[in-house]
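A short write-up of the structure that comes next.
The values are calculated or read from the model by the stated rules, or taken from the named source; none is laboratory data. The structure presented is a predicted model; accordingly, all values stated were derived computationally and were not measured. All Cβ positions, even for glycine, are placed from backbone atoms using ideal geometry, and neighbour counts span all protein chains on display. The accessibility values were calculated without ligands, DNA or RNA, using every heavy atom of the protein model including side chains. Shrake-Rupley method; radii C 1.70, N 1.55, O 1.52, S 1.80 Å.
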Amino acid sequence: MLVWVGKRPLSHVTAFPAQAVERFAAGEQTAWSGATWQDWPAAYPPGGLLFHGDNKEVLAHLLANGFRGKVNLIYIDPPFDSGADYVRKVSLRGATGSAKIDGDQYTLGEQIQYTDIWANDNYLQFMYERLLLLKELLSADGSLYVHVDARKAHHLRALLDEAFGSDAFRNQIAWKRTSAHAGASQYGAVTDYLLFYTADPAGNTWNQQFQSLTEVHRARHYRHTDERGVYALGELTAPGLRRGPSGDPWHGFNPSAIGRHWGNLPSALERLDAQGMIYWPERPGAWPRLKRYESDLEGRSCTDFWDDLDPINMVGSERENYPTQKPEGLLERIIASSSNPGDLVLDCFVGSGTTAAVAQKLGRRWIACDINKGAIQTTAKRLQTVMREQVEESQQRAAAGEQGNLLGEEPKKEQPAAPAQLSFSVWRVNDYDLQIQHNEAVALACEHIGVQRTRTDSFFDGTLGRRLVKIIPFDHPLSPADLEELRRELDGRPAEDREMTLVCLGMEIAATAWIDDWNRLRKGRNAANKVHVIELRTDQKYGRFIRHEPARASVKVRRRNGRLSVAIDEFISPGIIERLRQQAGVLQPMIEDWRAMVDCVMIDPAWDGRVFNVALSDIPERKTDLVQGTYDLPAPSGETTVAVKIIDMLGEEVIVTSQV
Ligand SMILES: C[S@@+](CC[C@H](N)C(=O)[O-])C[C@H]1O[C@@H](n2cnc3c(N)ncnc32)[C@H](O)[C@@H]1O
């Protein structure tokens with residue numbers, strides 16, 4: 001059993017409620033009405049579920065809300081404790097992806113998506129807690145795959161053995177994720193690992209998959225040709241002595257003399273020979289071999305070495321521009337092997353949404369989660385596109401006179417599995433809807449104030465001189481709850497005598513009183529752990545930082561003959577302008593077309609002020625394409641609130657409403 005400093009059992013978790021924030025349906029019938037959904041908790045609409053929040057809280061929420069023992073397949077690709085900030089490159093939309101400033105091209109640079117920086121022990125505790133929760137969600141026939149790199153594989157295996165039992169271990173699959181990787185004074189690392197565990201060592205869902213032959217294997221082994229095609233040479237004998245006909249000489253070749261026996265009875269060997277399936281080498285004394293034709297192969301049965309799946313290429317159609325995105329082929333193999341159509345697949349580190357997208361394409365139900373808002377937006381966009389394409393394909397097949405396979409009709413053999421749903425909803429567990437993403441806020445604030453980042457402290461973000469620094473998330477003012485958290489942390493560090501600086505946007509009055517008391521009562525005026533605050537909104541020295549101006553848009557909505565026409569006249573994203581300005585100095589960035597700043601547009605023609613029902617979405621397929629900016633859609637009867645959601649290239653959202 002693996003032990004680490006601060007290892008704690010997971011004695012309880014608190015389940016928080018979830019709020020629906022967005023809904024999308026690609027077709028009128030949104031979920032396959034078959035038996036599949038009868039086990040679905042009534043609190044949720046049948047369809048995909050995408051959760052924005054910390055997965056510990058989301059998993060606790062799922063357990064408390066009817067999903068215990070209902071998940072057939074879990075794939076997770078957690079951060080690897082790699083010590084890195086994962087960034088994505090952001091550019092403007094349009095042919096160049098850049099803005100012109102005084103003749104020069106400027107792009108938006110990089111945006112931190114998530115931070116993978118942990119002290120080792122924190123990482124282990126983080127993963128341990130999540131694995132224990134995942135186990136409770138897994139069904140009796142369920143499987144779990146944990147994606148890790150070589151540096152963490154042994155730790156994660158020890159954790160999994162403890163959480164699931166070592167009997168539950170099935171394979172450690174090596175996935176060759178890249179080919180070239182030179183290492184200085186060591187071998188190039190080209191593999192990741194998939195740790196495969198099942199709830200029941202014998203009763204898991206299993207569909208045998210086949211791997212295609214690699215070019216190297218093909219070139220090395222399939223070197224012979226006859227009128228029937230290309231073939232490799234296989235063994236006719238097997239190891240070990242046998243009495244009886246299979247140990248006897250055949251055509252002068254005696255297997256017993258080399259400690260082997262014939263794999264078939266001599267009568268069967270004669271039949272194979274009559275069919276031309278035996279190769280007789282010209283060299284005298286060389287043994288006959290079996291011909292294995294390439295055309296007879298389905299591939300090799302899948303082993304625990306996957307060298308036949310391509311990584312995402314830089315320009316591929318799958319590319320979502322999310323760091324650490326995994327290829328769909330990898331998920332196809334996992335989902336096809338370990339689940340059936342209609343089963344429920346879960347990924348609580350979903351990133352760009354690969355698991356959900358492949359589950360949707362293969363007719364599975366899915367639940368996905370991520371803490372990063374950029375990941376939620378990317379996944380939501382990706383799933384809208386997949387579902388729309390499924391509707392279109394089915395319409396095209398219907399138009400061509402074929403039977404469609406939408407929502408539950410029996411697929412023909414060559415058709416993809418029927419989608420289990422054509423809708424999904426986005427939920428938030430606790431409030432993570434920051435105006436700007438917390439990771440990015442921390443990075444910006446540290447840079448602005450001159451904080452030295454600490455890569456190994458799970459609580460404090462860095463140091464400023466001798467003081468410890470904590471950045472309070474910018475979605476709320478500094479509150480007594482934050483300060484109580486600080487107190488608990490310090491209780492666990494009795495030797496810590498440094499003062500602290502808390503960096504926040506603003507603070508509650510109650511927090512001011514709390515800090516006054518703390519500084520007065522702790523141990524006198526020069527006490528250890530004195531607390532200082534930098535309030536970025538008002539601070540004289542640092543105050544110019546992040547006067548966060550939300551994005552603005554001017555939208556005209558008209559109702560005519562039962563239809564709505566929506567026109568976006570103007571959109572401005574101060575965040576984008578500021579980024580460009582940082583690069584260009586005093587020069588004023590000029591973006592000729594506002595649409596270059598916009599990633600996508602969605603419209604809810606009857607907004608209730610809470611859940612955004614996506615009736616129309618405009619998500620240009622390529623980065624060089626722009627959103628349309630004008631839209632026409634059916635109007636609901638009676639007076640209604642039309643909401644237009646515009647998401648900019650940095651992931652900031654603005655919702656503009658009109659009453660018509
Ligand atoms: C390696 S990436 C996953 C990439 C994904 N497999 C794909 O194909 O795009 C890990 C993801 O875990 C998310 N993450 C990290 N900590 C999390 C937490 N506590 N709860 C939920 N998601 C988290 C990160 O935001 C990141 O998107």
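Quick notes on this structure:
- Charge dipole magnitude, Cβ of K and R +1, D and E -1 - the chain, Cα centre, debye nearest 20: 840 debye
- For the range 168-215: rounded, prolate or oblate by the Cα gyration tensor [a/c cutoff 1.5]: oblate
- Taking 7 Å steps out from each Cα toward its Cβ at E28 and L241 produces label points 7.8 nm apart.
- Under a 5 Å amide H cut-off, with hydrogens placed 1.01 Å from N, I74 pairs with S143, L144, Y145, L346 among residues at least 5 apart or on other chains.
- A compact globular protein would have a Cα radius of gyration near 2.2 N^0.38 Å; the ratio found for the chain is 1.16.
- By the beta carbon rule, with partners counted only under 4.7 Å, the chain holds these lone Cys residues: C302, C446, C504, C600.
- Overall form of the range 219-346: prolate. Here a/c, set by the Cα gyration tensor axes a ≥ b ≥ c, is 1.5 or more, and a/b is the larger of a/b and b/c.
- Computed E for F210/R487 - FRET, C-beta separation, R0 56 angstrom, nearest 0.05: 0.45
- Those lysines that a straight Cα-Cα span of less than 18 Å connects to K381, excepting residues fewer than 8 apart in one chain: K89, K326, K361, K373, K623, K645
- Nonpolar atom fraction for the chain, defined as the carbon and sulfur part of the 1.4 Å probe accessible area, stands at 49 percent.
- Surface exposure of the chain, expressed per residue as accessible area with a 1.4 Å probe, stands at 48 Å².
- Rg ratio (alpha-carbon, reference 2.2 N^0.38 Å) - the range 452-535: 1.02
- Q38-E389 FRET efficiency (beta carbon distance; Förster radius 41 Å; 0.05 resolution): 0.90
- Calculated FRET efficiency for the pair T630/T96, C-beta based, R₀ 30 Å, to 0.05: 0.80
- Acute angle (nearest 10 degrees) that the helix 328-338 long axis makes with the longest principal axis of the chain, alpha-carbon atoms: 70 degrees
- H221-R455 pseudo-label distance in nm [points 7 Å out on the Cα-to-Cβ vector]: 4.3 nm
- One decimal place: the segment F305-A257 gains 13.8 nm when fully extended, by the rule 0.36 nm per residue minus the C-alpha distance.
- Spin-label model, Q172 to A528: label points 7 Å out along the Cα-to-beta-carbon direction sit 4.2 nm apart.
- Beta-bridge orientation, the chain: approximately 70 percent antiparallel, per DSSP, counting only bridges with both partners inside.
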